[in-house]
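Every number here is computed from the coordinates shown, using simple stated rules; none is lab data. What you see is a predicted model, and the numbers here were worked out from it, not measured in a lab. Positions of Cβ are backbone-derived with ideal geometry, glycine not excepted, and every protein chain shown enters the neighbour counts.
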Amino acid sequence: ADVPADAFYSDAVAWAAEKGIVMGYSEDTFGPDDKITREQIAVIMHRFAAYKSYDTAAVDTDLSGFADTDAISDFALDGMRYAVGSGLMIGRDGNLLSPLGEASRAESVTILCRFFAENK
């Protein structure tokens, strides 16, 4: 309900939701103007990789070396394992993953570039 049909991103959101790559906060709330967290972008990249049938074996990555692994939401654990294990995402200063931290534009672009460089 919060994705206007005439928004420039509505077709992309509809496609990604149909493919199971993105999900909203609920059945009728997507939050298109919300900032994206690091764990959310990790989950999206993991789901997209699975959709494309890319190797997602990095979900076995051990994240216990990071000081804040207990802050990762349950829904995002496989996504974070994939993002770190495949080299899409690295920790921040202080040995932190900052899963609930906002993914900056620079981080988001870096993750996308790393993903597409590995999956040509």
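Counting only residues 5 or more places away or on other chains, whose amide H sits under 5 Å from the amide H of residue 36 once H atoms are built in the peptide plane?
103
Which value, in debye to the nearest 20, gives the size of the charge dipole of segment 41-99 about its Cα centre, when Lys and Arg are +1 and Asp and Glu are -1 at the Cβ?
Working: 4 positive and 8 negative charges, 57 e Å.
Dipole size: approximately 280 debye.
Please give the direction-averaged projected area of the C-alpha convex hull for segment 12-55, in square nanometres with one decimal. Present the calculation step by step, with values, prior to reporting the outcome.
Values: hull surface 13.2 nm².
Over every viewing direction, the Cα hull of segment 12-55 projects on average to 3.3 nm².
In square nanometres and to one decimal, what's the mean projected area of the convex hull around the Cα atoms of the chain?
On the way: hull surface 30.5 nm².
Average of the hull's projected areas for the chain equals 7.6 nm².
Can you find, among 91, 21, 69, the residue farthest towards the positive end of the dipole of the chain? Put +1 on the C-beta of Lys and Arg, -1 on that of Asp and Glu.
91
Please state the shape class of segment 26-96: rounded when a/c is under 1.5, otherwise prolate if a/b exceeds b/c and oblate if not, all from the C-alpha gyration tensor.
oblate
Given the -39500 (n - 2.57) contribution per DSSP H run of 4+ residues, what per-residue ellipticity at 222 nm results for the chain, rounded to the nearest 500 deg cm²/dmol? Please list the in-between numbers first.
Numbers: 4 runs with 46 residues, N = 120.
The per-residue figure over the chain is -12000 deg cm²/dmol.
Please check the chain for the longest run free of chymotrypsin sites (Phe, Trp or Tyr not before Pro) that are loop-located per DSSP (anything but H, G, I, E, B) and have at most 13 other Cβ atoms within 10 Å.
Details: sites that count: 8, 9, 25.
Counting at most 13 other Cβ atoms within 10 Å as exposed, the longest clean stretch of the chain is 26-120.
Averaging sequence separations of C-alpha pairs under 8 Å and six or more residues apart, then dividing by the length of segment 9-99, give the relative contact order as a whole percent. Provide the component values of the computation, followed by the final result.
On the way: 97 pairs, mean separation 25.8, N = 91.
Answer for segment 9-99 is 28 percent.
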